[in-house]
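Enquirer: Just passing along the structure, written as structure tokens.
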Amino acid sequence: MNKTCKRKELIDCNNLKANVSPIFKKGNTNRQSRHSSRKAIQIWLKLNYRPVSLLPVISKVQKRCVASCLVPHVKNILHPFQHGFQKGKSCVSQLLEVFQDIGQALNRGVETDIVYLDFAKALDSVCPAKLVTKLKL
């Protein structure tokens, strides 16, 4: 796989197929009545279950191989404030860094404003077909 990546050959996509299973996340576990419309049942399923992808081991190995080839190139491009997708950095390290910066600014008497954005359900509302179309552009 590393040789395939280094030669810039295509990876066999058949290994990347996932088994998607619905997992209960919240709400009522009892299904809507038989008389509910198909649309109502789809909405109920979307609100109460989330899809979980079970990937074959070979695809996880492929992911690691591809990542090991890409990381050295991308590491120099990423902004230092980017904590996602980097080894040794996480949302916790990001939060600690922000708190430290705010604390230092307040100690210097600098006016500090904070804006919080919640993207918790951002990907739940994205239409996968439209996302793929946009990414192909």
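The values are calculated or read from the model by the stated rules, or taken from the named source; none is laboratory data. If you're wondering where the values come from, they're calculated on a predicted model, not measured in any experiment. Ligands, DNA and RNA are stripped out before the accessible areas are found, and what is left, the full protein with its side chains, is counted by its heavy atoms. Shrake-Rupley method; radii C 1.70, N 1.55, O 1.52, S 1.80 Å.
Enquirer: Across the range 72-105, which residue is farthest from the chain's Cα centre (by Cα) among those that are β-branched (Val, Ile, Thr) and open to solvent by 80 Å² or more (accessible area, probe 1.4 Å)?
Expert: Result: Ile77.
Enquirer: Now, a different point. Return the residue satisfying two criteria in turn: it lies in the range 106-122 and is of a type in the set (A, V, I, L, M, F, W, C), open to solvent by 70 Å² or more (accessible area, probe 1.4 Å) and within 30 Å of Lys25 (Cα to Cα), and of such residues it is modelled with the lowest pLDDT.
Expert: So the residue we want is Ala120.
Enquirer: Does Ser68 satisfy the condition of being more than 17 Å from the chain's Cα centre (by Cα), modelled with pLDDT of 75 or more and among the hydroxyl-bearing types (Ser, Thr, Tyr)?
Expert: Yes.
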